[in-house]
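Scroll down for the structure; my scribbles are underneath it.
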Amino acid sequence: MSDGIVCEDLNPILDAIDAAEEVPDPLDGLVEKSTEDPGAAFTPEVLERLAALKAEDRASFEALRARLKKAGCRVTALDEAMAEESGDGGRGPTQADILIDLAGAAELFHSADGTALADLTINDHRETWPVRTKGFRRWLARQFYEQTGGAPSSEALQSALNVIEAKAHFDGPERPVFIRVGGLDGRLYLDLGDEAWRAVEIDATGWRVINEPPVRFRRAAGMQPLAVPAPGGSVEALRAFLNVQSDQDFVLVVAWALAVLRNKGPYPALVLSGEQGSAKSTFSAILRSLLDPNTAPLRALPREDRDLFIAASNGHVLAFDNVSGLPAWISDTLCRLATGGGFAVRQLYTDQDEVLFDAARPVILNGIEDIVTRPDLADRAVFLTLEPIPEERRRPEAELWAAFEAERARLLGVLLDAVVEGLKRLPHTHLPRLPRMADFALWASACETAIWPAGTFWSAYCGNRDEAVEGVIDADPVAAAVRAVMTERTVWTGTASDLLGALGEAAGERIAKSKTWPDSPRALSGRLRRAATFLRKIGIEVSFEREGRARTRIIRITAAGADLVPERGGVQPSAPSVPSAPRPKSIPDNDFAAPDPRTVANDADARASGPVDSARANSLKSKDETDADDADANCAAQSEPEKTEATSWRARL
């Protein structure tokens with residue numbers, strides 16, 4: 001009987017268990033129900049079950065929430081209903097809130113122009129990304145997926161980025177951000193561009209590869225890693241990959257490369273010219289690969305300032321291939337880019353905001369013709385003329401690049417050795433005179449003793465600038481006409497209208513009617529001011545004055561030595577220029593011992609009182625002996641005829 005009683009007592013318990021197992025889960029089939037009934041997810045039992053699932057298993061809840069959203073359920077309203085059901089009295093965290101919390105793992109800051117950036121720790125190394133770039137967006141989306149198992153909506157991501165950008169601007173510190181080369185506290189840092197975000201630290205004691213540099217670098221699309229520098233290289237190994245014809249040209253190429261490894265300008269523009277088959281493009285690509293490799297190393301010349309601005313913002317070295325000519329606007333822009341200047345373009349989809357760029361960049365230009373004709377850019381450039389390569393000396397491109405890759409690490413190492421020497425010697429480096437690109441000349445002179453004897457660069461650079469003067473004057477019809485007029489006299493004085501007529505007669509009817517000829521006296525004055533620097537270097541001084549009570553504008557042109565003696569009647573022609581000494585042929589093993597003789601002796605292109613001697617024999621003499629820029633101005637004047645009634649030459653209306 002007791003057994004029967006026990007069984008009777010257990011039956012209600014078993015019945016209750018069976019009844020409990022038959023209660024369905026409110027979440028079963030919820031997605032399918034929501035497709036047919038939008039209110040299926042808003043019943044009290046479903047809301048209670050969803051709140052419990054969110055607390056117990058957030059990943060499963062987010063996955064279910066994403067499925068409900070695809071089924072047409074209003075998930076924002078669902079979040080609010082869940083919050084009310086749970087008694088919180090408010091809505092739960094949105095996707096934007098979650099994204100903002102996740103961004104707290106990044107160190108936010110901003111640059112001087114207000115750009116928001118973030119330091120991210122990825123695979124045990126630090127990376128720096130602007131907040132608005134794809135790199136930061138990808139990192140943030142991955143963090144969201146790892147926490148929730150779902151993907152953030154575009155609206156939530158955009159809202160979160162707006163808040164993160166504001167926090168970086170108002171709460172984060174201001175830090176400088178560099179691309180490829182940076183500097184801090186007298187040290188230089190070279191971004192290797194590898195996956196570990198390593199850099200080379202350079203100071204006066206040496207260079208070393210470090211894992212976490214104290215400066216921040218920005219990675220742009222297309223940047224490729226540099227070779228990890230290695231010691232034991234020789235700069236002469238670079239010459240095998242460059243079609244340079246003389247020791248002086250090779251010195252200038254190395255000096256330009258050393259300037260690229262500096263964190264600030266000015267950077268001279270490297271201008272390569274030569275006929276087809278002279279390896280101009282290969283020359284440019286080799287230098288770009290050595291100093292700032294990129295997936296698109298050579299590009300076409302941009303058509304507007306905006307394109308040039310974008311290129312300068314995303315690369316350290318700019319290389320433009322097969323340039324046929326430089327319009328005036330881009331020549332002026334390249335001048336600002338060489339010595340440092342600002343660009344401002346309107347930000348897209350805004351009326352008042354501007355995108356600013358204020359920096360200097362090294363530039364390579366190559367073309368068949370003499371593409372640089374304006375004096376202001378020519379004064380900021382280094383000119384190299386490449387000779388055609390004979391067929392018996394040509395190498396297959398694959399063989400050339402394979403040999404270069406084998407030497408690339410050691411070539412970069414030897415250049416860094418020279419940079420170390422430059423940092424050590426720069427404070428104590430002085431030159432006989434300072435050219436237009438004074439900082440470049442001082443830096444190259446400070447670095448050169450690590451590679452070749454002191455004074456080698458200065459000799460090569462002075463010779464290159466002398467050659468540029470004649471080339472630019474020949475390319476400028478106004479400057480060439482002034483030179484032609486002053487070969488027959490020592491002084492010319494008159495108005496711009498008078499000079500326009502005189503120069504038109506000297507230039508000839510065909511040139512005077514061309515589009516390049518100034519069409520008004522005002523335009524002529526502007527052209528003269530632009531050409532005055534290079535005319536002065538050949539002994540022709542142009543000055544603008546006002547005379548008389550009416551303050552009439554007068555242009556005064558004097559040849560070298562005209563102001564040293566009283567003016568005489570009659571026109572005395574200038575003595576013919578001394579012919580240039582023959583240029584020595586390149587000798588690979590001559591230790592750069594053969595300078596380039598040029599007609600820059602004190603008697604060149606002037607009215608000498610005695611016989612004129614040959615070109616300069618030693619380009620490294622003192623300033624008083626070899627001042628190439630002022631040599632013509634220091635010449636003695638030619639003997640004058642007896643005084644006549646006319647005391648000066650004037651052309652006045």
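Values as computed for the structure displayed
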quantity	calculated
Total residues in the range 306-341, condition assigned to a helix (DSSP H, G or I), of a type in the set (S, T, N, Q) and within 22 Å of E369 (Cα to Cα)	2
Close pairs (7 angstrom Cβ cut-off, 6 or more residues apart or separate chains): within 18 Å of L290 (Cα to Cα) in the range 301-320, of a type in the set (V, I, T) and in a helix (DSSP H, G or I) anywhere	V317/V260
Subset of the range 36-89 that is in contact with a Ser or Thr (Cβ under 9 Å, 6 or more places away or on another chain) and part of a loop (DSSP other than H, G, I, E, B) - its residue that is surrounded by the fewest Cβ atoms within 10 Å (Cβ to Cβ)	G72
Number of positions in the range 113-146 that are touching a residue at least 60 places away in the same chain (Cβ under 8 Å) and either over 27 Å from A199 (Cα atoms) or part of a helix (DSSP H, G or I) (or both)	1
Selection within the range 62-105 - touching a Pro at 6+ places or on another chain (Cβ under 9 Å), modelled with pLDDT of 85 or more and not hydrophobic (A, V, I, L, M, F, W, C)	Q95, D101
Qualifying residue in the range 304-325 (condition: open to solvent by 40 Å² or more (accessible area, probe 1.4 Å), on the phi < 0 side of the Ramachandran plot and among the aromatic types (F, W, Y))	no
Exclusive hit being under 40 Å from the mean Cα position of the chain (by Cα), at pLDDT below 90 and open to solvent by 80 Å² or more (accessible area, probe 1.4 Å), set P582, P521, P597	P582
Wholly within the range 369-466, helices (runs of 4 or more DSSP H) carrying at least 3 residues that are farther than 21 Å from A269 by Cβ	397-425
Residue, farthest from A151 (Cα to Cα), within the range 25-35, restricted to residues that are open to solvent by 60 Å² or more (accessible area, probe 1.4 Å) and assigned to a helix (DSSP H, G or I)	K33
Only one of L431, L503, L411, L499 that is among the aliphatic types (A, V, I, L, M) and under 26 Å from the mean Cα position of the chain (by Cα)	L411
Subset of the range 103-126 (residues that are of a type outside the set (S, T, Y) and open to solvent by less than 20 Å² (accessible area, probe 1.4 Å))	A103, A106, F109, A116, L117, A118, D119, L120
Whichever residue in the range 378-407 is out of contact with any strand residue (DSSP E or B) (no Cβ under 7 Å at 6 or more places or on another chain) and of a type in the set (A, V, I, L, M) and, among such residues, is farthest from A285 (Cα to Cα)	A378
Residues of the range 470-490 satisfying the condition of being open to solvent by 10 Å² or more (accessible area, probe 1.4 Å) and either of a type in the set (A, V, I, L, M, F, W, C) or part of a helix (DSSP H, G or I) (or both)	E470, G471, D474, A475, P477, A480, R483, A484, V485
Failed condition for G277, given (1) part of a loop (DSSP other than H, G, I, E, B); (2) surrounded by 15 or more Cβ atoms within 10 Å (Cβ to Cβ)	(2)
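The values are calculated or read from the model by the stated rules, or taken from the named source; none is laboratory data. On a predicted model such as this, the values are computed, not experimentally measured, just so you know. Heads up, the Cβs are rebuilt from the backbone with ideal geometry, glycines too, and the neighbour counts pull from every protein chain shown. Only protein heavy atoms, including side chains, enter the accessible area calculation; ligands, DNA and RNA are left aside. Shrake-Rupley method; radii C 1.70, N 1.55, O 1.52, S 1.80 Å.
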